[in-house]
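Here's the structure we're looking at; comments come further down.
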Amino acid sequence: MTDLITIPGILLIVGAILLTVTPKKVRPALFLLFPVLSLLFVTSRPEGYTVTAQLLNYDLVLMQVDDLSRIFGIIFSITAFVAGIFAYHMKELGQQVNALLYAGSALGVTFAGDLLTLIIYWEIMAVSSTWLIWARRTRESDGAGMRYLIYHILGGGLLLGGIIWHISTTGSLAVESLTQEYTPANIMMLLGVSVNAAVIPLHTWLADAYPKATITGAVFMSAFTTKSAVYVLLRVFPGWELLTWFGAAMAIYGVIYAVICKDIREILAYHIISQVGFMVCGIGIGTDLALNGATAHAYSHILYKSLLFMSTGAVLYATGTSKMVDLGGLFKKMPWVFGLYMVGALSISGIPLFNGFISKTITISAASSAQNETAVLLLLFASAGTWLSVGLKLPYFTWFDKKSNDIEVKKLPVNMYIAMGIAAFACIFYGLFPNALYVYLPYEAYFNPFSAYYFVEVVQMSILGFVAFWFLKQKLAPEMIIALDVDWFYRKAAPSVYKVFVTGVDNLYDRAENGVLAITRFLVEKFRNPMRWLNPFTDKNNQASSYSPGLEVVLSFILIGFIIFIAAAMFY
Amino acid sequence: MKKIYWILLGILFLITLIIEFVYLRDYDSHWWNSIPAFYALYGLVSTVTIIYAGKIIGKNIVNREIDYYD
């Protein structure tokens, strides 16, 4: 029993249930307790620790610890804690419960030792995160949440279908790496996981929903869904070549869209796709160094991306808008938020001494030691775009550009600063002491990021990128527009789909009902008096022309018999 | 931007060039290592490409009025 309750996934889910009966005042504090406990159990369980259970004929492995699951467990617990602090001022029960449920299910996926346990957590993750979008309570977030949910139900369904197919063909329930064979079961599982990893063109739910989620909800969301999918890809599909190119394509797709977008949180959402592209690319390369790179990058990414979402969330909280046209000139009013944001921005851009640098360079150097020079150049190209959008464009048009801004700025709760401060500290700490992260990496591969070569590479690219930005920045100036993505196809198709599957079906039922009613009416009228059928020759109104009833019956039978005879003669 | 920042940036760039030409002269793991200041050029070309690609794609294909979906 104690084994069961100390499984991080179950622990947080139990915590979420406890929150519902906790008084409002202590709820945020209680929230923080569970990630701390989870971190404790994650770090104290030895490698190879398992908890098993029996369901029907299946042996479930509810928890399985190894180096890979541990590092993800650590960062998920930390980020749940930090995001919990960021949301400390928020007293809404629904959001608190679902945030904890969401974090718990992500941790559950991480430690699931069998595919059935995994899919259960996977589905809880989809449902609980949807709440964090809907809780914004705007018309846009209602629609976006519904699209998000449908997309994830589709993805979960694909994954479940693939799992069932996989179990019935191989008989294996274990979450283990698959050999690269494109069987229907494998393809379905890969597609299902790809939905959550936001692999293009299955990424639209992310850019659609994250900018519309609540301020605190987006911080949780930036960490869990995509990164738990990266974990599953690392575990199940390492070295699947296709992923290299999809990853590189994601990395570039994200940065191009980030240039087009004019909403600060949407820019960050597209940069999740781009950064996850680096990880997916590393997973596709599949060497020990590349897998370490993907793992390390997921770890770093969660830290700096949650910091970025916290600081842009703080801007949204203070000003009430995340549209770039309304922002600008905020430096005097929000200098601290700017500073904290820049720590995250320098990290994601891979500037030396920040934590993005220590993980991004692993992936890129893994690509070059795998002789994949095309991938190296593509990833460097994407890096230039990251620096351009997150490092330069977003802060420039939010905190500078205008001399001043009349927009009213609300005071931020202290807990927001504390949370951002912790995340910023972690970004700098790991940037200065990369070995604090490297010792936890799952595969054997030595790497040292502090070499003259990487320094020259990054600094030269960044300086010239800055120069290009400075002279072309008016090309990126904010406008009142939205950018269409491939979600256009289903959003535009929605009315006709609705017509076919809702209005059409409704109409069909309507007609069928009317038809049945008409038939009933007809039959009731005609059969009210059977004698009318048996003596059709009688004119009721004219007694003189009528036959006697008996004769009529006889005549009717003769007539019917004659008709039957003719019919029989015709058919035989 | 103030002049002093540009000067600092220039000095930093000079340092990277010095490192490249003194310490990394014999470094040769990619074909592009023989091109002087390759990463600077690549950073410049990439950034300009991304800005214009984004601008062109936005203007011609994907940009719409803000209430497009309503």
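The values are calculated or read from the model by the stated rules, or taken from the named source; none is laboratory data. Note that this is a predicted model, so its numbers are computed, not measured. Note: ideal-geometry Cβ built from the backbone for every residue, glycine included; neighbour counts use all protein chains shown. Each accessible area value is taken on the protein alone, full model and side chains, heavy atoms only, with ligands, DNA and RNA left out. Shrake-Rupley method; radii C 1.70, N 1.55, O 1.52, S 1.80 Å.
Please list the three semi-axes, largest first and in whole Å, of the ellipsoid equivalent to segment B:1-44, using sqrt of 5 times the eigenvalues of its alpha carbon gyration tensor.
The three semi-axes for segment B:1-44 are 25, 12, 5 Å.
What angle, in degrees between 0 and 90 and rounded to the nearest 10, separates the Cα long axis of helix A:487-498 from the longest principal axis of the Cα atoms of chain A?
That works out to roughly 20 degrees.
Which whole-number percentage describes the relative contact order of chain A, with Cα contacts under 8 Å and a sequence gap of 6 or more?
For chain A, the relative contact order is 12 percent.
Between B:TYR68 and A:PHE522, how high is the FRET efficiency from 1/(1 + (r/R0)^6) when r is the Cβ-Cβ distance and R₀ = 41 Å? Nearest 0.05.
FRET efficiency, B:TYR68 to A:PHE522: 0.20.
Using only Cα atoms and rounding to the nearest 10 degrees, what angle (0 to 90) does helix B:38-57 make with the longest principal axis of chain B?
Once rounded, the angle reads 0 degrees.
What would the Debye formula give as log10 I(q)/I(0) at q = 0.16, 0.17 Å⁻¹ for the alpha-carbon point model of segment A:1-90, no solvent?
-0.69, -0.75
Rounded to a whole number, what % of the accessible area of chain A do carbon and sulfur atoms account for, probe 1.4 Å?
The computed percentage sits at 68.
Would you work out if segment A:23-182 is rounded, prolate or oblate? Take a ≥ b ≥ c from the square roots of the eigenvalues of the alpha-carbon gyration tensor; rounded if a/c is under 1.5, else prolate when a/b is larger than b/c, oblate otherwise.
Oblate shape, in that a/c is at least 1.5 and b/c is the bigger or equal ratio.
Based on alpha-carbon centroids, what's the gap between segment A:68-140 and segment A:203-220 in Å, whole number please?
Spelled out, the Cα-based centre of one part sits 13 Å from the other.
Once the dipole of the protein assembly as shown is set up with Lys and Arg at +1 and Asp and Glu at -1 on Cβ about the Cα centre, which of A:PHE72, A:GLY320, A:ILE10 lies farthest towards its positive end?
Towards the positive end, the residue furthest out is A:GLY320.
Can you bin every Cα-Cα distance in the protein assembly as shown into 20 Å intervals starting at zero and give me the percent of pairs per bin, rounded to whole numbers?
18, 47, 19, 7, 7, 2, 0
Which percent of the Cα-Cα distances in segment A:286-403 go past 24 Å?
Percentage above 24 Å: 33.
Modelled label-to-label distance, A:PHE557 and A:THR2, 7 Å Cα→beta-carbon offset: nm?
Spacing of the two 7 Å Cα→Cβ label points: 9.3 nm.
Averaged over its residues, how many other protein chain Cβ atoms are within 10 Å of peptide A:449-462's Cβ atoms?
6
Kindly identify residues of segment B:1-29 having a loss of at least 30 Å² in accessible area between the isolated chain and the assembly of all protein chains, probe radius 1.4 Å.
Buried by the other chains: B:MET1, B:TRP6, B:LEU9, B:LEU12, B:PHE13, B:THR16, B:ILE19, B:LEU24, B:TYR27.
Any idea what angle helix A:115-134 forms with the longest principal axis of chain A, computed on alpha-carbon atoms, 0 to 90 degrees, nearest 10?
90
Which FRET efficiency, nearest 0.05, do A:SER404 and B:LYS59 yield, Cβ-Cβ r, R0 41 Å?
After rounding, the FRET efficiency stands at 0.85.
Which residues in segment A:236-250 place their backbone N less than 20 Å from a point set 7 Å from the Cα of A:GLN371 along the Cα-to-Cβ direction?
Output list for this probe position: A:239-245.
Using only the alpha carbons of segment A:389-492, what is the convex hull's orientation-averaged projected area in square nanometres?
The orientation-averaged projected area of the Cα hull of segment A:389-492 comes to 12.6 nm².
Sort B:32-38, A:268-274, A:403-409 by the packing proxy (mean of other Cβ within 10 Å over each peptide's residues), most packed first.
Highest to lowest by the protection proxy: A:268-274, B:32-38, A:403-409.
Ignoring ligands, DNA and RNA, how much accessible area is buried between chains B and A, both sides summed, with a 1.4 Å probe, to the nearest 100 Å²?
Separately minus together, B and A give about 4300 Å² buried.
With each run of n ≥ 4 DSSP H residues scored as -39500 (n - 2.57), what mean residue ellipticity at 222 nm is computed for chain A after dividing by its residue count and rounding to the nearest 500 deg cm²/dmol?
That comes out to -23000 deg cm²/dmol.
Would you rank A:LYS212, A:LYS473 by solvent-accessible area, highest first, keeping every protein chain in place and using a 1.4 Å probe?
A:LYS212, A:LYS473
Averaged across orientations, what area in nm² does the convex hull of the alpha carbons in segment A:165-246 project?
For segment A:165-246, the mean projected area of the Cα convex hull comes to 6.0 nm².
Order of A:369-381, A:7-19 by packing, highest average Cβ count within 10 Å first?
By packing density, highest mean first, the sequence is A:7-19, A:369-381.
Subtracting the Cα-Cα distance from 0.36 nm times the residue separation, let me have the gained length for A:VAL26 to A:GLN180 in nm, one decimal.
The A:VAL26-A:GLN180 span can extend by a further 50.4 nm.
What are the lysines whose alpha-carbon lies under 25 Å from the alpha-carbon of A:LYS403, with same-chain residues fewer than 8 places away excluded?
Leaving aside lysines fewer than 8 places away in the same chain, those within reach of A:LYS403 are A:LYS262, A:LYS323, A:LYS332, A:LYS333, A:LYS393, A:LYS411, A:LYS473, A:LYS475, B:LYS2, B:LYS3.
Per residue, how large is the accessible surface of segment A:466-535? Use a 1.4 angstrom probe and give square angstrom.
75
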